[in-house]
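A quick write-up on the structure given underneath.
The numbers here are math on the coordinates, done by the rules we state, and not lab data. Note that the coordinates shown come from a computational prediction; the quantities given were computed from them, not determined experimentally. Glycine also receives a Cβ, built like all others from the backbone with ideal geometry; neighbour counts cover every protein chain displayed.
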Amino acid sequence: QIPSLKEVFKTDFHIGAAVNPKTLKSSKELLDYHFSSITAENVMKFEVIHPKKDTYDFTQADLLADYARKNDKKMRGHTLVWHNQTPNWVFENTNKEKVLSMMKQHIFKIVERYKDVVHAWDVVNEAIDDKAETFYRKSPWLDLAGEEFIEKAFLFAHEADPQATLFYNDYNACDPVKSEKIYQLVKRLKEKGVPIHGIGMQAHWNIYDPSIDEIRAAIKKYVSLGVEIHITEMDVSVFEFEDKRTDLTQPTEEMISMQQKRYREFFDIFKEYKEHIGSVTFWGIADDYTWLDDFPQKGRKNWPFLFDDKQQPKEVFFHIIK
Ligand code: G3I
């Protein structure tokens with residue numbers, strides 16, 4: 001029997017995985033044994049859980065929440081307010097006042113339903129632009145309600161569950177330009193007394209980017225705000241972002257050894273900041289299924305995790321538990 005990840009890192013942070021109803025079955029053994037936390041990859045998102053104005057569909061989210069309840073797993077809620085995977089009706093025939101009141105209803109309904117099991121919410125996801133020139137990312141929430149939509153989301157979530165830890169979650173969170181903006185946003189919110197308790201660093205990384213120095217600088221900056229950090233969506237692609245190859249049927253030796261080295265460095269730095277990092281969640285479980293198989297090249301296999309497509313530990317697994 002190999003060591004269990006959640007046991008190995010027990011005194012450091014929770015080890016999580018993004019799941020959906022399919023992988024809950026196909027990777028059940030790994031999930032049961034290695035992970036202490038789950039996040040819904042898609043089924044708590046607006047388009048799934050609240051597809052029409054007066055229709056909520058909790059079927060799939062309940063499946064995951066029940067698994068967490070019965071198996072004593074922590075659950076992170078993902079995500080309440082995002083520009084993506086949100087149905088058009090939300091933004092049609094509305095105005096600032098109406099859209100915010102609808103947002104409040106949505107947040108209350110979902111947060112209250114799962115408040116016994118979800119301890120942390122990604123309240124607002126990806127609201128900041130990657131580029132230096134524009135602060136906020138273009139989004140219908142911003143168009144309709146202005147930047148206030150962000151603080152309102154946190155206020156509503158806090159009202160709905162005062163016990164929950166509330167996160168701002170984003171990708172490229174180690175990029176020097178974007179991390180400074182994330183820092184500024186969270187600082188402003190905290191100064192205003194908005195209930196925000198954490199920063200989710202998504203960690204869609206690859207075998208070359210970001211550098212360890214960039215990661216350290218970002219973590220230090222966030223920690224200086226006195227917020228908790230969760231590594232929320234970790235996967236380490238074997239392709240550099242610019243690499244457009246589609247012909248590989250398995251990763252090259254170089255990719256494999258780089259991935260091992262990088263994962264080791266990432267976990268070393270997480271451990272260095274373990275007092276501030278509450279959880280490290282992978283954005284999937286095993287290489288048989290990852291959203292990266294369709295991104296950025298549709299249908300191109302990626303091998304970003306610690307377990308292979310047969311649910312077996314890869315060598316990289318042993319590099320991080322050493
Ligand atoms: O549900 C439909 C299904 O009915 C249809 O037949 C099928 C055909 O393509 O598509 C299904 O929807 C897909 C959905 O995942 C559910 O599987 C969408 O096409 C697909 O685009 C969607 O991708 C998700 C993506 O968010 C959407 O932006 C990924 O699974 C999910 O991993 C990804 O997760 C995001 C985080 O929430 C936020 N951070 C970035 C991260 C990666 O993009």
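Residues of the stretch 145-171 being over 20 Å from the mean Cα position of the chain (by Cα), part of a helix (DSSP H, G or I) and of a type in the set (Gly, Ala, Ser), which ones?
Ala145, Ala160
What number goes with the only condition from (1) within 16 Å of the ligand (Cβ to nearest atom); (2) outside any strand (DSSP E or B) that Thr39 does not pass?
Tallying (1) within 16 Å of the ligand (Cβ to nearest atom); (2) outside any strand (DSSP E or B), Thr39 fails exactly one: (2).
Report yes if some residue within the stretch 60-67 is more than 22 Å from Val90 (Cβ to Cβ) and touching a Pro at 6+ places or on another chain (Cβ under 6 Å); otherwise report no.
Yes, that holds for at least one residue.
Considering Tyr183, Tyr171, which residue is touching a Lys or Arg at 6+ places or on another chain (Cβ under 8 Å), surrounded by fewer than 22 Cβ atoms within 10 Å (Cβ to Cβ) and among the hydroxyl-bearing types (Ser, Thr, Tyr)? Give the steps one after another, and end with the answer.
On the way: Tyr171 fails: touching a Lys or Arg at 6+ places or on another chain (Cβ under 8 Å).
Exactly one residue qualifies, and that residue is Tyr183.
Looking at Phe282, Phe241, which one is within 16 Å of the ligand (Cβ to nearest atom), within 20 Å of Gln202 (Cα to Cα) and exposed (fewer than 14 other Cβ atoms within 10 Å of the Cβ)? Spell out how you get there, then give the answer.
On the way: Phe282 fails: exposed (fewer than 14 other Cβ atoms within 10 Å of the Cβ).
Selected residue: Phe241, the only one of Phe282, Phe241 that is within 16 Å of the ligand (Cβ to nearest atom), within 20 Å of Gln202 (Cα to Cα) and exposed (fewer than 14 other Cβ atoms within 10 Å of the Cβ).
Residues being of a type in the set (Lys, Arg) and loosely packed, with under 12 Cβ neighbours inside 10 Å: count how many of those fall in the stretch 54-105.
So in the stretch 54-105, the residues of a type in the set (Lys, Arg) come out as 69-70, 73-74, 76, 96, 98, 104.
Next cut, loosely packed, with under 12 Cβ neighbours inside 10 Å only: 70.
Looking only at that region, the number is 1.
In the stretch 10-30, which residue that is within 15 Å of the ligand (Cβ to nearest atom) and part of a strand (DSSP E or B) is farthest from Phe267 (Cα to Cα)?
It comes out as Val19.
Taking the options Arg300, Arg262, name whichever one is in contact (Cβ under 8 Å) with a residue 12 or more places away in the chain, under 22 Å from Ile15 (Cα atoms) and basic (Lys, Arg). Reasoning before the result, please.
Working: Arg300 fails: under 22 Å from Ile15 (Cα atoms).
Within the list Arg300, Arg262, the selection yields Arg262.
Could you go through the stretch 211-221 and let me know if any residue there is among the acidic types (Asp, Glu), touching a helix residue (DSSP H, G or I) at 6+ places or on another chain (Cβ under 9 Å), surrounded by 15 or more Cβ atoms within 10 Å (Cβ to Cβ) and within 30 Å of Arg188 (Cβ to Cβ). Break it down into steps so the answer makes sense when it comes.
The initial filter retains those residues of the stretch 211-221 that are among the acidic types (Asp, Glu), namely 213-214.
Right, trim to touching a helix residue (DSSP H, G or I) at 6+ places or on another chain (Cβ under 9 Å) and you get 214.
Narrowing further to those that are surrounded by 15 or more Cβ atoms within 10 Å (Cβ to Cβ): 214.
Remaining after also requiring within 30 Å of Arg188 (Cβ to Cβ): 214.
Yes, some residue in the stretch 211-221 is among the acidic types (Asp, Glu), touching a helix residue (DSSP H, G or I) at 6+ places or on another chain (Cβ under 9 Å), surrounded by 15 or more Cβ atoms within 10 Å (Cβ to Cβ) and within 30 Å of Arg188 (Cβ to Cβ).
Need the failing condition index for Gln184 against (1) more than 16 Å from the ligand (Cβ to nearest atom); (2) part of a loop (DSSP other than H, G, I, E, B), just the number.
Condition (2) is where Gln184 drops out.
Does the stretch 78-113 hold any residues that are more than 15 Å from the chain's Cα centre (by Cα), in contact (Cβ under 8 Å) with a residue 60 or more places away in the chain and either closer than 28 Å to Lys181 by Cα or assigned to a loop (DSSP other than H, G, I, E, B) (or both), and which are they?
The answer is His106, and nothing else.
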